[in-house]
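Report on the following structure.
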Amino acid sequence: MSKRKNPSGADNLNGDFCDFLMELADYEKNVSRNIHKYNAYRKAASVLAAHGKRIETGDEAKKLNGIGEKIAKKIDEFLQTGKLQKLENIHQDEEAQAINLLTRVSGIGPVKAAELFRSGIKTIEDLRNNQNKLNHHQIIGLKYLEDFEKKIPRAEIQQIEKKLKDLINNVDPEFTLTICGSYRRGKSESGDIDALVTHPSVKTSEVKKKHGEQLLKNLVAALDELNMETISIGETKFMGVCRLSSELPARRLDIRLLPPEQYQCAVLYFTGSDVFNKTMRAHALQHRFTLNEYSLRPLGVTGVPGEPVPISSEEEIFDYIDFPYKKPEERNM
Ligand code: 8GT
Ligand code: MN
Ligand code: MN
């Protein structure tokens, strides 16, 4: 029996089930493009990972929230035969294998991967020889395929955070920066760096967006110590690559620029986890509020959202919808 760490840090007694469920989830997302099944498999895996007891039968698993008849049957098959026929078939399927491989490249989604497969591109080497079929994002994704799959240790993000804060503070001390995502949730390693930035001069209106665009460009230009490369940059979002030193892997870094009145909702949203966000949005709706990455708005009698509630801290969002405050480290669900 495998023992793996689950999201809360305790031993995962059901790690082997989680592995095959996550593999099925990836298949549904990338090959079948069935997002419902993808979510169902991921939900089942996270429920099993958090379960403090080794599951012995499918029936026992079915008692857990998020595990139905079909997944219970797969657990039984796995317990009895040590494998899953469905996965064996997927492993034999050339198209499924190629799509799984190609979607490992940042910027290549399931649709692009299927298109590439149809044009005869099946391996990473094929990609390297056909870069004319790729856009700028996909070319960077290919260039750093191995680097982007490496997790970023927390200590390295701490160093990058310090650098980012120092450098943007030199541009203008009125900038505020928060690194969100799994890092803010206290994880010991992360897949990427999700930075949010605000500045008092940033406004929501169209006229002022041009200002935001310039501000974001100036900000990124000031980060050359971090060996930045740009995937894309617009009025509110930079997507790119940074590297602390030439001995370390290149890391995916996103920087979003927001007006101060949207900053707290964005920090909440980009801290996640995505499952936590879903729970919180559902709770907001029960209290007749609609919550998204920009704002919290009350729903009128007709169900039409009103003006955004003024928010100056994350706690206020929880207060408005009467949801017990959860520290970022408590949002790993
Ligand atoms: P990681 O360590 O793998 O990066 O984990 P993460 O930091 O939790 O995931 P992420 O993919 O970097 O996304 C950061 C947070 O943004 C997520 O926790 C999630 O709550 C939120 N988020 C969504 N949808 C989307 C989306 O479509 N794009 C992005 N970039 N973030 C999203 O809920
Ligand atoms: Mn992240
Ligand atoms: Mn991210």
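The values are calculated or read from the model by the stated rules, or taken from the named source; none is laboratory data. Just so we're clear, the structure is a prediction, and the values are computed from it rather than from any experiment. Cβ coordinates were reconstructed from backbone atoms using ideal geometry, including for glycine residues, and neighbour counts include every protein chain displayed.
Here 263, 269 are screened, and the one residue that is at pLDDT 95 or above and near ligand 1 (Cβ under 10 Å from one of its atoms) is 269.
Quick one: which residue in 197, 171 is modelled with pLDDT under 95 and among the β-branched types (Val, Ile, Thr)?
Values: 197 fails: modelled with pLDDT under 95.
It is 171.
Inside the stretch 40-114, counting only helices (runs of 4 or more DSSP H) that do not spill past its ends, which hold 1 or more residues that are of a type in the set (S, T, N, Q) and farther than 30 Å from residue 240 by Cα? Working first, answer last.
On the way: elements: 58-62, 69-81, 85-92, 94-102.
The qualifying helices (runs of 4 or more DSSP H) are 69-81, 85-92.
Checking the stated criteria, residue 236 turns out not to satisfy the condition of being outside the structural domain of residue 308 (by TED's automatic domain parsing), within 16 Å of ligand 1 (Cβ to nearest atom) and at pLDDT 95 or above.
For the stretch 278-289, the condition of being touching a residue at least 40 places away in the same chain (Cβ under 8 Å), surrounded by fewer than 20 Cβ atoms within 10 Å (Cβ to Cβ) and under 21 Å from the mean Cα position of the chain (by Cα) holds for at least one residue.
Quick one: which residue in 26, 59 is within 30 Å of residue 111 (Cβ to Cβ), among the acidic types (Asp, Glu) and surrounded by fewer than 20 Cβ atoms within 10 Å (Cβ to Cβ)? Give the derivation first.
Values: 59 fails: within 30 Å of residue 111 (Cβ to Cβ).
Exactly one of 26, 59 is within 30 Å of residue 111 (Cβ to Cβ), among the acidic types (Asp, Glu) and surrounded by fewer than 20 Cβ atoms within 10 Å (Cβ to Cβ), namely 26.
Condition first: within 11 Å of ligand 1 (Cβ to nearest atom) and either more than 15 Å from residue 226 (Cα to Cα) or touching a residue at least 60 places away in the same chain (Cβ under 8 Å) (or both). Now tell me which residues in the stretch 150-163 satisfy that.
Filtering the stretch 150-163 down to residues within 11 Å of ligand 1 (Cβ to nearest atom) leaves 151-152, 154, 157.
Those that are within 11 Å of ligand 1 (Cβ to nearest atom) and either more than 15 Å from residue 226 (Cα to Cα) or touching a residue at least 60 places away in the same chain (Cβ under 8 Å) (or both): 151, 152, 154.
Would you pick out the residues in the stretch 164-180 that are out of contact with any helix residue (DSSP H, G or I) (no Cβ under 6 Å at 6 or more places or on another chain) and either within 16 Å of ligand 3 (Cβ to nearest atom) or of a type in the set (Gly, Ala, Ser) (or both)? Once the filter is applied, which keeps residues that are out of contact with any helix residue (DSSP H, G or I) (no Cβ under 6 Å at 6 or more places or on another chain) and either within 16 Å of ligand 3 (Cβ to nearest atom) or of a type in the set (Gly, Ala, Ser) (or both), the stretch 164-180 yields only 164.
Figure legend. Inter-residue proximity from the stretch 103-115: first residues assigned by TED's automatic domain parsing to the domain that holds residue 136, second residues basic (Lys, Arg) and surrounded by fewer than 21 Cβ atoms within 10 Å (Cβ to Cβ), beta-carbon distance below 6 Å, spacing 6+ or different chains. Indicated pairs: 110/33. The residues in the stretch 187-232 that are within 16 Å of ligand 3 (Cβ to nearest atom) and of a type outside the set (Ser, Thr, Tyr) can be counted, and the count is 10. Tallying residues that are assigned to a helix (DSSP H, G or I) and either more than 11 Å from ligand 3 (Cβ to nearest atom) or over 18 Å from residue 290 (Cα atoms) (or both) within the stretch 250-270 yields 10.
Those residues that are touching a residue at least 24 places away in the same chain (Cβ under 8 Å), β-branched (Val, Ile, Thr) and part of a loop (DSSP other than H, G, I, E, B), I need them from the stretch 301-332; list them, please. Correct list: 311, 321.
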